[in-house]
Amino acid sequence: MQYMFADNIKQFKEKNNLTFRELAKTLKVSYAILEQLVNKKREKARLDIICRVAEGLDVEIDDLLFTNIYSN
């Protein structure tokens, strides 16, 4: 699960040409936590972080977690 979550965040970051710091600010998430999640160094994310990321990416939580939302 964390891998689809991480992949979706990474794809959003790349698609919008954002740095980790810019993305963290946009999503209202700690830079360190965001970087760890995207680089798969952190296995779990708290529910409030998942909710903030979903809101910031304007996607449903289940899509963020279980769907490649940026596939062609």
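Data overview
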{"item": "Residue that is nearest to T67 (Cα to Cα), among those in the stretch 1-45 that are basic (K, R) and surrounded by 13 or more Cβ atoms within 10 Å (Cβ to Cβ)", "result": "K10"}
{"item": "Answer residue from the stretch 46-60, given it is assigned to a helix (DSSP H, G or I) and of a type in the set (A, V, I, L, M, F, W, C) and is nearest to S71 (Cα to Cα) among those", "result": "L57"}
{"item": "Search result, residues across the stretch 46-62 that are of a type in the set (D, E), on the phi < 0 side of the Ramachandran plot and modelled with pLDDT under 90", "result": "none"}
{"item": "Long-range neighbours under 6 Å by Cβ, at least six apart or interchain, first residue small (G, A, S) within the stretch 24-41, second modelled with pLDDT of 90 or more", "result": "A24/Y31; A24/L34"}
{"item": "Residue selected from the stretch 53-67 under the condition acidic (D, E) and farther than 14 Å from L27 by Cα, by the criterion surrounded by the fewest Cβ atoms within 10 Å (Cβ to Cβ)", "result": "D62"}
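The values are calculated or read from the model by the stated rules, or taken from the named source; none is laboratory data. Everything numeric here is computed off the predicted structure, so don't read it as measured data. Backbone-built Cβ (ideal geometry, glycine too); neighbour counts: all protein chains shown.
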